[in-house]
Amino acid sequence: MTTAKTDEVVEEQAAPSTPSDQRERDRMRRRLARRRGGGWWPYAFLAPWFIGLFGLTIYPMLDSLYLSFTNFDLLTPAQWVGMDNYNKMFTDDPVFWDSVHATLLYVVVSVPLKLALALGVAMLLNRDLKGIGLYRAAFYLPSLLGGAVAIAIVWRQVFGGDGLFNDFLAWFGIKGQDWISSPDTALYTLILLAVWQFGTPMVIFLAGLKQLPKDVYEAAAIDGASPITRFFKITLPLLTPIVFFNVVLQIIDAFKTFTPAFVISNGSGGPLNSTMLYSLYLYKKGFTDLQMGYASALAWVLFLVIAGFTAVNFIASRYWVHYDD
């Protein structure tokens with residue numbers, strides 16, 4: 001009986017199909033394909049993201065790349081000048097090199113100090129104490145306020161000639177100066193402001209510390225390892241992926257610093273271009289001098305520099321970042 005039914009099915013499958021049967025099977029295949037692929041609904045939900053990607057990111061970037069080869073003042077049509085903007089930048093613009101020097105010094109000094117302070121505070125806050133959440137929120141608060149214009153204004157007052165910092169030094173018999181107006185110290189006030197905003201890397205370090213295995217520390221303590229030894233032999237190696245993540249983010253953020261330099265120097269980058277960070281110089285060229293073509297060239301150089309630093313970090317991470325494998 002079973003053999004007979006099987007033969008009937010084989011004969012039915014082997015029988016030639018009519019055009020109407022073929023069309024029906026094609027419709028069923030398309031219907032199944034739409035069910036499996038979700039049809040056009042996924043693309044409808046992704047449409048806002050694609051519009052933002054192409055309309056607000058890719059197109060402005062390509063337009064900026066084109067403008068970097070033109071002379072454009074925002075008021076008249078752009079005129080193609082080829083590589084003139086880049087040639088002027090590297091050979092005939094001393095302020096450009098002042099901004100490069102100030103920015104590199106700012107990045108090289110502020111990023112390590114900020115990360116060291118963030119890691120130290122994170123280790124202090126990595127304890128189960130009563131009210132520890134309040135302390136964590138208090139230490140994170142400067143990162144929420146530090147980028148505001150109001151904080152930069154307060155910072156300018158604190159380090160002015162009659163500011164609170166000089167009043168503090170007067171208690172010890174030390175005569176202060178106008179730290180903002182001195183070209184030797186003005187940039188370091190910006191660095192101090194950046195280091196004060198250590199809350200974001202601190203939270204990331206704290207999250208990484210929470211994931212470290214406690215049994216390793218217990219075994220090391222039993223073996224007689226001191227806290228300093230445990231930090232350099234256990235904590236730091238296990239935390240290197242988090243350190244690497246913070247290094248990349250903070251370097252990128254430092255290169256883009258604008259608001260503190262603009263507010264503290266009143267938009268001039270002074271004194272003597274000592275606080276002329278790269279982003280501030282780019283802004284001045286584009287919106288003060290109306291040299292938008294030149295500003296676009298500056299923006300692309302900054303993009304390439306940040307990309308280069310990021311690539312170097314990723315290449316170097318092979319030698320000092322330790323993952324589970």
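Working note: Karplus 6.51/-1.76/1.60 with θ = phi - 60° gives the stretch 274-279 the couplings 6, 10, 7, 5, 4, 5 Hz, where Gly and Pro are set to x.
Phi angles of the stretch 67-76 translate, via the Karplus equation with coefficients 6.51, -1.76, 1.60 and θ = phi - 60°, into HN-Hα couplings of 5, 5, 9, 10, 9, 9, 10, 6, 10, 10 Hz per residue; Gly and Pro are given as x.
Pulled fully out, how much extra length does the chain show between ASP162 and ASP178, if you take 0.36 nm times their separation in residues and subtract their Cα-Cα distance?
So the chain would gain 5.0 nm between ASP162 and ASP178.
Under the shape rule built on the C-alpha gyration tensor, where the axes satisfy a ≥ b ≥ c, the stretch 176-308 is prolate, since a/c reaches at least 1.5 and a/b is greater than b/c. Restricting the stretch 148-198 to chymotrypsin sites (Phe, Trp or Tyr not before Pro) that sit in a DSSP loop and have at most 12 other Cβ atoms within 10 Å of their own Cβ leaves TRP171, PHE172. A Gaussian network model of the chain, with springs between Cα atoms under 10 Å, assigns the largest mean-square fluctuation among ARG156, ARG127, ARG136 to ARG127.
Note on the chain: GNM, Cα springs under 10 Å; of LEU62, LEU290, LEU129, the largest mean-square fluctuation is that of LEU129.
The separation of the stretch 141-214 from the stretch 250-290, counted between C-alpha centres, amounts to 18 Å. Sort out for me the Cα centre separation of the stretch 68-135 from the stretch 217-247, rounded to whole Å. Cα centroid to Cα centroid, the span is 31 Å. Of all the options LYS88, LYS284, LYS214, the one that moves most in a Gaussian network model of the chain with Cα springs shorter than 10 angstrom is LYS214. Counting only protein heavy atoms and using a 1.4 Å probe, the accessible area of LEU74 comes to about 80 Å². Using the Cβ-Cβ distance between ASP84 and THR259 with R0 set to 30 Å, the FRET efficiency from 1/(1 + (r/R0)^6) comes to roughly 0.45.
Using a 1.4 Å probe, what is the accessible area per residue for the stretch 65-198, in Å²?
On the way: 7910 Å² over 134 residues.
Computed with neighbouring chains in place, this is 59 Å² per residue.
Distant-in-sequence amide contacts of THR70, defined by a placed amide H-H separation under 5 Å and a gap of 5 or more residues or a different chain, comprise VAL81. Computed 3J(HN,Hα) for the stretch 58-64, one whole-Hz value per residue from the Karplus formula 6.51 cos²θ - 1.76 cosθ + 1.60 where θ = phi - 60°, is 5, 4, x, 5, 5, 5, 5, glycine and proline marked x.
Taking percent of Cα pairs over 26 Å apart as calculated from this structure, the corresponding entry among (i) 66; (ii) 49; (iii) 45 is (i). Across the cross-link table entries LYS114/LYS210; LYS214/LYS256; LYS175/LYS285; LYS210/LYS233, which are compared at the Cα atoms, the separations over 29 Å belong to LYS214/LYS256; LYS175/LYS285. Share of carbon and sulfur in the accessible area of the chain stands at 66%, probe radius 1.4 Å. Helix content alone sets the calculated 222 nm mean residue ellipticity of the chain: runs of n ≥ 4 DSSP H residues at -39500 (n - 2.57) each, divided across all residues, give -21000 deg cm²/dmol.
Rounded to the nearest 10 degrees, the angle from helix 240-255 to the longest Cα principal axis of the chain is 60 degrees. Between LEU236 and MET61, the contour length at 0.36 nm per residue exceeds the alpha carbon distance by 59.1 nm.
The values are calculated or read from the model by the stated rules, or taken from the named source; none is laboratory data. Because the structure is a prediction, the values reported are computed rather than measured. Cβ: placed from backbone, ideal geometry, glycine included. Neighbour counts: every protein chain shown. SASA here: full protein model, heavy atoms, side chains in, ligands and nucleic acids out. Shrake-Rupley method; radii C 1.70, N 1.55, O 1.52, S 1.80 Å.
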